[in-house]
1. If packing is taken as the mean number of other Cβ atoms within 10 Å per residue, what is the order of 18-31, 41-54, highest first?
2. In a shell of Cβ-Cβ distance under 13 Å around Ala30, excluding Ala30 itself, what net charge do Lys and Arg (+1) and Asp and Glu (-1) give?
3. Between the helical axis of 63-96 and the dominant principal axis of the chain, each derived from Cα atoms, what acute angle in degrees is found, rounded to the nearest 10?
4. Only Cα pairs under 8 Å and at least 6 apart count here; give the relative contact order of the range 2-96 as a rounded whole percent.
5. Report, to the nearest 10°, how far helix 2-59 tilts away from the longest principal axis of the Cα atoms in the chain, using its own Cα long axis and a range of 0 to 90°.
6. Mind checking which of Gly61, Gly33, Gly90 has the largest fluctuation in a GNM of the chain, springs on alpha carbons under 10 Å?
7. Based solely on its DSSP helices, what 222 nm [θ] is calculated for the chain when runs of n ≥ 4 H residues each add -39,500 (n - 2.57) and the sum is averaged over all residues, nearest 500 deg cm²/dmol?
Amino acid sequence: MGNKSTWLWVVAAIIGLALFGDEVLGLLGAIIGLVISIGITGLLMIAIALGAFALVVMVGGSVAVGLMVAAVALVAVLFSWLWPYLLLFGIIYLLVRKRPKAV
């Protein structure tokens, strides 16, 4: 009985892959692409913050000033990466908010 059940699952998997193989591979590719893009963006943000810190320390600033400049650089990079989402959320907010009534 177990052997027949195993063959049914194998046949069902082959039929499912034949019918939905493109969608499954497309979803898998989208997930892998998202992970890679976020990873590369994160590494780039860290590199920019480290570069700002190193520049301040090499010029003669203290470590505290270097950390503040690195934090500002990190916030600027994060804002440049997230501004399309912030804009989209702002537009959605304007569309769904309750409008004040004129007196």
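1. Working: 18-31: 10.3, 41-54: 14.5.
Sorting 18-31, 41-54 by mean packing, highest first, produces 41-54, 18-31.
2. On the way: positive: none; negative: Asp22, Glu23.
Taking every Cβ under 13 Å from that of Ala30, the sum is -2.
3. 60 degrees
4. On the way: 29 pairs, mean separation 18.3, N = 95.
With pairs under 8 Å counted, the relative contact order is 19 percent.
5. Orientation of helix 2-59: about 10 degrees from the principal axis.
6. Among Gly61, Gly33, Gly90, the largest GNM mean-square fluctuation belongs to Gly90.
7. Working: 2 runs with 92 residues, N = 103.
That calculation yields -33500 deg cm²/dmol at 222 nm.
All of the numbers you see were taken from the coordinates with simple rules; none came from a lab. Every value quoted in this text rests on a predicted model; they were computed, and no experiment measured them. So basically every Cβ, Gly included, is an ideal-geometry build from the backbone, and we count neighbours across all protein chains shown.
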